[in-house]
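The values are calculated or read from the model by the stated rules, or taken from the named source; none is laboratory data. Source: prediction; values computed, not measured. We place every Cβ from the backbone using ideal geometry, glycine too, and count neighbours over all the protein chains shown. Only protein heavy atoms, including side chains, enter the accessible area calculation; ligands, DNA and RNA are left aside. Shrake-Rupley method; radii C 1.70, N 1.55, O 1.52, S 1.80 Å.
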Amino acid sequence: MGLLRILQNDRGGQLFLAVLIALLVAVPMMHSLPESSPFYISTYTVTLLGKYLTYALLAVAVDLVWGYLGILSLGHAAFFALGGYAMGMYLMRQIGDRGVYGNAELPDFMVFLNWTELPWFWQGFDHFWFAALMIMIVPGLLAFVFGWFAFRSRVTGVYLSIITQALTYALMLAFFRNEMGFGGNNGLTDFKEILGFSLQDDATRVGLFVASGIALAIGYLSCRAIVKSRLGRVAVAIRDAEDRTRFIGYRVDRVKLAIFTFSAVLAGIAGALYVPQVGIINPSEFQPLNSIEVVVWVAMGGRATLYGAVLGALGVNYAKTYFTAAFPEFWLFALGALFVFVTLLLPRGVVGIFRKKQEGEL
Amino acid sequence: MRIFILLLAALFSLNATGKADQLINESELKSAFEVMEGRDFAAKEAALKTILNSGLENAQKIVAGVLEGDVMLVKKTNAVVFVEKKDRKYLATDVLTGEKVGEFSKRKLKKFSINNSLRSFIRDLLALQDLTNSDPEKRLLAVNTMLANPDASHQAILEPLLQTESDEAVKAAMQLSISLSKLSDDDPTVQLKAIGAVKESLEPAVRNKLKVLAETSSSVPVKKAAENALIKIDDRIELFGHLETLFFGISAGTVLVLAAIGLAITFGVMGVINMAHGELIMLGAYTTYLIQLVMPSMPGLSLALAIPGAFVVSGLVGIAIERGVIRFLYGRPLETLLATFGISLILQQLVRTLISPQNVPVANPEFMSGLLEINSVFSLTYNRLYIIAFCLLVFAVLFFVLKKTRLGLQVRAVSQNRAMARAMGVRSSRVDALTFGLGAGIAGVAGVALSQLTNVGPNLGQAYIVDSFMVVVFGGVGNLWGTLISGLGLGIANKFMEPWAGAVMAKILVLVFVILFIQKKPRGLFPQKGRAVEN
């Protein structure tokens, strides 16, 4: 019943969830068809779709804070990458003695750096449950501490955007250092298996795709639930008139902190699902460009709709895959033009073309 | 005995007029060359002196040739020759007659073997010759060479020369060198006096000698004096070390200021978030590169032309951006941010497609390279000195434009109260375009300066964009002085942290510091006051 209430008046969301569920059923089935069939979907495509779904989840997380709370975060890729690193550390530990150096105690890059024992922050990552916890706790904690300082001292608007960008930039520089113990420049890669399933197996790939889809669905529903709740209404009030909301008596900083932290956790989960599918995580995931790209997915699809973010993420990334293969020179032109085009001519995104303004919208 | 005579001869030969009497007969010269072929290095020293004092016109060239490996022995005829490499073959000329002996392959020739102590001996020997050169710079160089390789014999050599020396700098160096020799004297009173004379010097040789004295001298007062002098010298070296760090910090700071100062106009005064600012800097750097392509033989002139050139190029691009995109987005800062970011991607890719995805070489003109040596432990590089001066100049010009010109007045009026300014007859949209053009042009000029310091490539701008915003925000939006002070402050802080934190960590710490600082004072070091704050 709760589900129905959440999706009430959310035509776009209903449609999106229906399509998503259909995909989650159809893609594995089409994958199991014989290769000669015209409906056959290759493992490569399944993995690519899975990757898009994790991007979509990241976009939903950004839309929650940008669309409904008015915080333009230019550092959400940092939370995504932190979740990815937590997953990567678990996957590294699963390699065991199958690395190049055959050292069961230490990952290859640590042997290479002549380290003798596992650093304290790598302890516990042998266990999936611990890694899963860290995937949520590390990005959440960073967002909490960062937000705690930023929101209490009422850093808003452009200033907040710039310091979130500085945050991800600083993290990128830090993770590039070998001394940090996260593989430096090369990052973490060469994974073998997850929960005992080989990452090379087609079945595992399909499983990860389905897991990403389910995570996206749950992420969407929980964001939607927040938006529909009292908390969500206060958030929209903050977005539109922060001072007035404060004067009425709401604790603006707490509302912001709660939603920002939740959004960071979602981004972390997206990153954790992303890493086993692409097989690598390195510091370039922290680069400021990535975070800004996410914002453009959301803007393209339509801010403050949630499903618009999904649409934007899928659309822009499909275009990226197509362009970088067909006309590698032109991708940045196209992306750049997209930024300008959307902000100037499509302020409500693609979905804004098709629908009237509704409650809680921009 | 023979060596003694040779030494005397060496001293005597320093007298230019004495040279004629010193002609040594050919057989002696020949035996000297024979000694040079052998492996007895002590005898070789003597032989080299013989050659140098033989009165031959090219004696100095021969000895230098032995050091450099340009003088060789033809294996078959045992003739000593100068060699000149010419496509794999060696062109040989006899050292005595100056006749061409012919071309030889490397196998047919033999080098005179020398070792390290002989090498420094030869350098000393050549320095001694230069001591009587008429060019004071040559003499100074010679004395400095002696200073770097101290020897007890220097005192005897230099003292007579000191009487006739006229150049002050050479004199001071000679006195220092003499005192340095005296440090090795047997008499403690002489040593003490010498310590008093050298304690102001920062020459590494002096420090080494004092260290030896402080550790091994048998005379207690000498030991004490040497220790004290050593402490003083070390203090001064440390001081100069700090000065050097400060200089590097100021230099890094001025680079930050240059990169940020255009942003201080567009962001600080107009409130426009221009993420393409870094790319406007990049365009300036590429303008320098293109102008140098047109006139490759004149790097100095092309650099001078690049300054107005880059200002115009970046300024026009800036005006185009303002007219084409930004003016539709005033009052929507987050959208402006996204749109200008898109423009930055387009500009980057444009440079990659039209010029090259790789870094391009930009030449440094002559006057930009080299060192200004203050003393032996502290020197400043000219390119950084010029950049510092250039930054201050740009700042001064900008300050003048904003405070003293009509445009500046209008800019300030519009930024403080747009409606009122319009009511007073200011064409605000034109002022917006010009202001943005000014900020963009300054970014281009910064690019010219950066092209002299770092690699010029499509990613040049991205490297500075985060830093530039940090500088402007830290300094206080809308405040040029704030930008200057915060840029210098962050640069200096960065360089002082580098020795113990490492370059990357220092940068991270500065970023974290600024992030925390903004939490405490969201409006920066020097917040704007009055009505301008309200929006």
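The angle between the Cα long axis of helix B:59-68 and the longest principal axis of the Cα atoms of chain B comes to about 60 degrees, rounded to the nearest 10. Residues of the stretch A:258-305 whose accessible area (probe 1.4 Å, heavy atoms of protein chains only) drops by at least 10 Å² once all protein chains are present, relative to their chain alone: A:Leu289, A:Ile292, A:Val295, A:Arg303. The interface between chain B and chain A buries about 3500 Å² of solvent-accessible area in total (1.4 Å probe, ligands and nucleic acids excluded). Along the Cα-to-C-beta direction of A:Arg246, a point sits 7 Å from the Cα; which residues of the stretch B:316-349 have their amide N less than 20 Å from that point? Taking a point 7 Å out along Cα→Cβ of A:Arg246, the residues of the stretch B:316-349 whose backbone N falls under 20 Å are B:333-334.
What's the center-to-center distance, using Cα atoms, between the stretch A:113-128 and the stretch B:36-58 in Å? Centre-to-centre distance over Cα atoms comes out at 66 Å. Extension gain for the segment B:Tyr330 to B:Lys100, taken as residue separation times 0.36 nm less the Cα-Cα distance, is 74.7 nm to one decimal.
Rolling a 1.4 Å probe over the protein chains gives A:Met30 an accessible area of about 60 Å².
A straight Cα-to-Cα reach below 20 Å connects B:Lys404 with the aspartates and glutamates B:Asp432, residues fewer than 8 places away in its own chain not being considered. For the protein assembly as shown, with all protein chains in place and a probe radius of 1.4 Å, 61% of the accessible heavy-atom surface sits on carbon or sulfur. Under 5 Å between amide hydrogens, built in the peptide plane, is the criterion, and for B:Ser379 it picks out B:Ile374 among residues at least 5 positions away or on other chains. Helix B:116-130 and the long axis of chain B differ in direction by around 90°, with both axes built from C-alpha atoms.
With R₀ set to 45 Å, the beta-carbon distance separating A:Thr43 from B:Met295 gives a calculated FRET efficiency near 0.20. Computed 3J(HN,Hα) for the stretch B:309-319, one whole-Hz value per residue from the Karplus formula 6.51 cos²θ - 1.76 cosθ + 1.60 where θ = phi - 60°, is x, 5, 4, 5, 4, 5, x, 5, 4, x, 4, glycine and proline marked x.
In a simple Cβ point-charge model (Lys, Arg +1; Asp, Glu -1; nothing else charged), the protein assembly as shown has a dipole of about 3560 debye relative to its Cα centre.
Residues of the stretch B:351-381 falling in the label zone of B:Ala172, defined by backbone nitrogen less than 17 Å from a point 7 Å along Cα to beta-carbon, are B:372-380. Under the simplified labelling scheme, the A:Ser198-B:Val504 pair shows an inter-label distance of 3.5 nm, with each label point 7 Å from Cα along Cα→Cβ. Across every direction, the projection of the convex hull enclosing the Cα atoms of the stretch A:3-361 has a mean area of 19.3 nm². Per-residue Karplus couplings for the stretch B:184-199, computed as 6.51 cos²θ - 1.76 cosθ + 1.60 with θ equal to phi - 60°, are listed in order as 8, 5, 7, 8, x, 5, 4, 4, 4, 4, 5, 4, x, 6, 9, 5 Hz, Gly and Pro entered as x. Legend: calculated FRET efficiency, A:Asn178 to A:Asp97, from the Cβ-Cβ distance at R0 = 35 Å, rounded to 0.05, equals 0.95. From helices alone, chain B scores -22000 deg cm²/dmol at 222 nm; the rule is -39500 (n - 2.57) for each run of n ≥ 4 DSSP H residues, then divide by the residue total. The label-point distance for B:Arg427 and A:Ser36, in a model that sets each label 7 Å from Cα toward Cβ, rounds to 7.5 nm. Separation of the stretch B:189-206 and the stretch B:440-513 by C-alpha centroid, Å? Computed from Cα coordinates, the inter-centre distance equals 44 Å. For chain A, hydrophobic long helices are taken as DSSP H runs at least 24 Å long by C-alpha position along their axis with mean Kyte-Doolittle hydropathy of 0.5 or more; these are A:11-31, A:43-67, A:76-95, A:128-152, A:157-176, A:202-228, A:252-278, A:307-326.
Computed from the Cα positions only, the extents of the stretch A:148-255 along the three principal axes stand at 56, 36, 18 Å, in decreasing order. Can you tell me the 0 to 90 degree angle between the C-alpha axis of helix B:220-263 and the longest principal axis of chain B, rounded to 10? Approximately 30 degrees, to the nearest ten.
The residues of the stretch A:322-337 listed by number as losing at least 40 Å² of accessible area in the complex, against the isolated chain and with a 1.4 Å probe, are A:Glu329, A:Leu332, A:Phe333. Of the two radii for the stretch A:1-103, the radius of gyration is 1.09 times the Kirkwood radius, both from the alpha carbons; that is the Rg over Rh value. Toward the positive end of the charge dipole of chain B, with +1 on the Cβ of Lys and Arg and -1 on the Cβ of Asp and Glu, the farthest Cα among B:Leu329, B:Val514, B:Leu280 is that of B:Leu329.
Compactness ratio of the protein assembly as shown: Cα Rg over 2.2 N^0.38 Å, N = residue count?
Numbers: Rg = 36.6 Å, N = 897, 2.2 N^0.38 = 29.1 Å.
My calculation over the Cα atoms of the protein assembly as shown gives 1.25.
Each Lys or Arg adds one and each Asp or Glu subtracts one; over the other residues with Cβ under 15 Å from the Cβ of B:Val466, this totals -1. Accessible surface calculations at 1.4 Å, restricted to protein heavy atoms, place chain A at 43 Å² per residue. In terms of overall dimensions, the stretch B:387-494 has a Cα radius of gyration and Dmax of 15.6, 48 angstrom. Per-residue Karplus couplings for the stretch B:265-280, computed as 6.51 cos²θ - 1.76 cosθ + 1.60 with θ equal to phi - 60°, are listed in order as 7, 5, 7, x, 8, 8, x, 8, 7, 9, 6, 8, 4, x, 6, 5 Hz, Gly and Pro entered as x. Under 5 Å from the amide H of B:Ala79 lie the amide H atoms of B:Val74, each residue being 5 or more positions distant or on a separate chain, with H modelled from the backbone and absent for Pro and chain starts.
GNM remark for chain A: springs join alpha carbons under 10 Å apart, and the peak mean-square fluctuation among A:Gly302, A:Gly12, A:Gly271 falls on A:Gly12.
Summarising the amide proton neighbourhood of B:Met275: residues at separation of 5 or more, or on other chains, whose placed amide H is nearer than 5 Å comprise B:Thr340, B:Phe341. Could you give the nm distance between label points at A:Leu344 and B:Lys61, where each point is 7 Å from its Cα heading toward the beta carbon? Computed distance between label sites A:Leu344 and B:Lys61 equals 7.1 nm.
The solvent-accessible area of B:Thr93, taken with every protein chain present and a 1.4 Å probe, is close to 40 Å².
Taking only protein heavy atoms and a 1.4 Å probe, what accessible area per residue, in Å², does the stretch B:240-530 have with all protein chains in place?
Values: 11880 Å² over 291 residues.
With all protein chains present, the stretch B:240-530 gives 41 Å² per residue.
Computed from the Cα positions only, the extents of chain B along the three principal axes stand at 101, 64, 40 Å, in decreasing order. Here the translational diffusion coefficient of the stretch B:235-296 follows from Stokes-Einstein with Rh set to the Kirkwood radius across Cα pairs; for 25 °C and 0.890 mPa s it amounts to 171 µm²/s.
Which length gain, in nm to one decimal place, applies between B:Ser117 and B:Leu516 when the Cα-Cα distance is subtracted from 0.36 nm times their residue separation? Each step should come with its number before you reach the end.
Values: separation 399, 0.36 × 399 = 143.64 nm, distance 5.84 nm.
Stretched out fully, the B:Ser117 to B:Leu516 stretch lengthens by 137.8 nm.
With a Cα cut-off of under 19 Å and a minimum spacing of 8 residues unless on different chains, the lysine pairs in chain A number 5.
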